[in-house]
Each structure stands twice: as structure tokens, then as C-alpha cells.
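Quick notes on the structure that follows.
FYI, it's all coordinate maths here, none of it is from the lab. The structure displayed is predicted, hence computed values, not measured ones. Cβ sites come from the backbone with ideal geometry, for glycine too, and all protein chains shown count toward neighbours.
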Amino acid sequence: MLVIDTETGGLDAGRCALLGVAAIHLESGAEFSLLIRPHDGLDLDAEALEVNGLTMDHLLAVGTDEGEAMQTFAMWLHVFGPQEWFGCNPSFDQRFLEAAFARHEVKARLRRGAVCVQTLAWAAHSLGKLLLPVGKDGLPKRSLDAILGGLGLARESMKHDALEDCRLTLAAFRELVSRLSGGVK
């Protein structure tokens, strides 16, 4: 099983750049992480860069070409064969990864129907096994930070780093599964 996370230049996979991808293979502990130079013609929202703690100068200096990054990630995924995977809002990550794979004609595919940590958190909250803060809409917040707070876990920095988010999502996943399977309330 894998946990996967991306950092992006906005919310729309069709128009915004993929800025980073990370993954952890649970059984082996193998980790993958790359920053990606924004692909020409794709948007970068200033707010997204701020959330990610990235700058264009940094991405241009240390980022990998998107096509090369997608090829490298596809080869890393191939090592483990077909895998189930999970994330915090995995459909978002999947849209960005599939768009980047398609742009570069990279043959890689993520299984659909990934496990969503937000759904597990909602279930735990509904069953009284997790207290989530309530948003302006009156519903429990299900961002990774809200879930971590409810679980008593903390982020090392305020910026969103894909590999750190994978590690945190994995910790949240394990704690939520424990609570939902009868572990500590």
C-alpha cells in the first residue's frame, strides 16, 4: 500500500502546475519525493505558492523537469507493482498526477477508489472517536491540519511539503484505523 501527496500551483489540474510529488510504500518504508519545475503554459497561483512555502526561483533552481519527474515517479511506482493507495483527498492528487502523466505520455496509472483519510476522519468524528473543529458551514473541517489537530498530531512546519504530508497522512491513517477498529477513543 502507498500513501501519495502532491503540491500544486492551484486547484485546477487542467490549468495549474504540479509542483511536487511524494509517496511512501508502507511495507518497505521506501520514500519518493521530487520538486517539479512548473511546466510551460500552466498557471501558478500566488496563494498556492505561499501555502507550499515555495518560490519560483527555488523551483527553477532545484525542481526537476515535469516530464522527467513523471517518468521517474512511474518507474518508482512500477517497482512495487499494482498497489492500493490512500491520501488526504486522494482524488485531488490523482487528477494532477494523471494530467501530468498524460502531458508527457507516461504510461502510469493509479488505482481509482483510493482510501480517503478525510472520509475516515468523518466516520471517526460521527462515531465520537475524533473531535474535529466545525467550519463556517457548520460541518466538521476535514483538512489534514484539522484532522491532525483532532488526533493530537502536529506538523513540523507551517508550509506544506509533500513528503512531510505523506508522513503525517500515514500517521493520521494509522491512528484513525486504530480508533475505528476499537482502539483508544
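The GluC sites (Glu not before Pro) of the range 47-128 that meet both conditions, a loop assignment by DSSP and at most 16 other Cβ atoms within 10 Å of the site Cβ, are E84, E105. Largest GNM mean-square fluctuation among A46, A13, A61, using the chain with Cα springs under 10 Å: A61. Centroid-to-centroid, using Cα positions, the range 146-185 and the range 70-105 are 22 Å apart. Within the chain, count lysine pairs with alpha carbon atoms under 21 angstrom apart where the residues are 8 or more positions apart or belong to different chains. Lysine pairs meeting the criterion: 4. With respect to the chain, whose longest principal axis is taken over its alpha-carbon atoms, helix 162-180 is tilted by about 30°. Residues of the range 37-54 with the amide nitrogen closer than 18 Å to a label point 7 Å from the Cα of A61, along Cα-to-Cβ, please. From the range 37-54, the list is 37-38, 49-50, 52-54.
Counting only DSSP H runs of at least 4 residues, each contributing -39500 (n - 2.57), and dividing by the residue count of the chain, the helix-based mean residue ellipticity at 222 nm comes to -13000 deg cm²/dmol.
Stretching F92 away from L153 to a fully extended chain increases their span by 19.7 nm, per 0.36 nm per residue minus the current alpha-carbon distance.
In this Cβ point-charge picture (+1 for Lys and Arg, -1 for Asp and Glu), the chain has a dipole of about 960 debye about its Cα centre.
For the chain, modelled as a GNM whose springs connect Cα atoms under 10 angstrom apart, the maximal fluctuation among T55, T64, T72 occurs at T55. In this structure, the amide hydrogen of G20, modeled 1.01 Å from its nitrogen in the peptide plane, lies closer than 5 angstrom to those of E7, I36, counting only residues at least 5 positions away or on a different chain.
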